Amino acid sequence: MIISASYKTDIPAFYPEWFLNRLNAGYCKVRNPYGGQPFTVSLARQDVDGFVFWTKNLGPFIDSLPIVHEREYPFVIQYTINGYPRSLEPAVVSAKIAAEHMKSLTTLYGPQVAVWRYDTIVCTSETPLDFHVENFKQLAQSLRGTTNEVVISFAQIYKKTLKNLDLAAEQFGFTWTDPSDAEKRGVVKELYRAAKANGMQLTLCSQPELLEDGAQAARCVDAMRFTRISGQTVQAKLKGNREGCGCYASKDIGDYDTCPHGCVYCYAVRNRKAVQERYRMHDPTGEFLYEPGASAAPSTPG
């Protein structure tokens, strides 16, 4: 079983102590986001084929990775580095610092471990399509040699995304648009060329209709990558999380409305005030990442 940690929230950036506590315990508990029913996920080595860690700031998790590695858990870091203005990403670490993290990952754990995500591509008056092309080129050059893949996707305007974008646009004085598929495919061509020039395969997450040139469909949870990392065949079924998703089956151990990054395009946050309250109430010793009604426990060094 592959464990996703987590596309619902940034566990490496905000919950590293909780993760190590659950790794030591050998399990964690998760609630079904649609019905609320709790279930247990084993984190025992014999049950885990590998971890996919999703993050925009690996810094707080740097000291945790050697523990994961020493216990012989294969892992992949899906590292989002966008280099966006603060109006879109108010609390994300700088692209320069994130690039240094990527270089350290490759040096310590090999070239298969790190995957760069330029995700989500949001078109605003501050970040028009030509901004993305030039910004991507600069980031690709700075990340050359750290990864063999970059995953992109264009913003999909869910209700939560629409609300958050509109609020941010009013607050910061920008406008936003959803470009046509033809415009997006034009950008894909440009980004594919820039990625290839820097030794990376460009892949698209859950948007097969936008594939152009040599761009491929992404498998963000990729059993084949884990097979290459571990040297052992990882048996997993292809089971996407939504239409167009090419991922292999996994168990996600995160929770919605728990990521304090505050990115205005995020589909995983409905209420930013609720996020701050949940983060304050988070118990790093608890079985759940967030347990409604639980009292906050004092944080202790991991």
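Scanning the stretch 138-157 for residues that are in a loop (DSSP other than H, G, I, E, B) and either closer than 12 Å to V264 by Cα or in contact with a Gly (Cβ under 8 Å, 6 or more places away or on another chain) (or both) yields R144, G145, N148, A155, I157.
For the condition buried (at least 16 other Cβ atoms within 10 Å of the Cβ), among the aliphatic types (A, V, I, L, M), farther than 15 Å from C123 by Cβ and at pLDDT 95 or above, L191 does not qualify. Whenever a residue of the stretch 186-208 is closer than 13 Å to H132 by Cβ, its partners that are β-branched (V, I, T) and surrounded by fewer than 20 Cβ atoms within 10 Å (Cβ to Cβ), lying with C-beta atoms within less than 6 angstrom and at least six residues away or across chains, give the pairs E190/V133. Within the stretch 15-43, the set of residues being in contact with a Phe, Trp or Tyr (Cβ under 7 Å, 6 or more places away or on another chain) and modelled with pLDDT of 95 or more comprises P16, K29, V30, T40, V41, S42, L43. Here T227 meets each of (1) closer than 25 Å to V48 by Cβ; (2) β-branched (V, I, T); (3) not in a helix (DSSP H, G or I) with one exception, condition (3). Across the stretch 209-266, the number of residues qualifying as touching a strand residue (DSSP E or B) at 6+ places or on another chain (Cβ under 8 Å), closer than 29 Å to R278 by Cα and aliphatic (A, V, I, L, M) comes to 3.
Condition test on Q216, is it polar (S, T, N, Q) and either over 14 Å from I152 (Cβ atoms) or surrounded by 20 or more Cβ atoms within 10 Å (Cβ to Cβ) (or both)? So Q216 fails the test. Is there a residue being at pLDDT below 95, surrounded by fewer than 23 Cβ atoms within 10 Å (Cβ to Cβ), over 21 Å from A169 (Cβ atoms) and over 15 Å from the mean Cα position of the chain (by Cα) anywhere in the stretch 88-99? So far as the stretch 88-99 goes, no, none of its residues is at pLDDT below 95, surrounded by fewer than 23 Cβ atoms within 10 Å (Cβ to Cβ), over 21 Å from A169 (Cβ atoms) and over 15 Å from the mean Cα position of the chain (by Cα). Checked against (1) in contact with a Ser or Thr (Cβ under 9 Å, 6 or more places away or on another chain); (2) among the hydrophobic types (A, V, I, L, M, F, W, C); (3) surrounded by 16 or more Cβ atoms within 10 Å (Cβ to Cβ), I62 passes all but a single condition, namely (3).
Remark: V221 matches the filter, which requires a residue to be among the β-branched types (V, I, T), surrounded by 15 or more Cβ atoms within 10 Å (Cβ to Cβ) and either closer than 27 Å to L88 by Cβ or under 19 Å from the mean Cα position of the chain (by Cα) (or both).
The values are calculated or read from the model by the stated rules, or taken from the named source; none is laboratory data. The model shown is predicted, which means the values in this text are computed figures rather than measured ones. Heads up, the Cβs are rebuilt from the backbone with ideal geometry, glycines too, and the neighbour counts pull from every protein chain shown.
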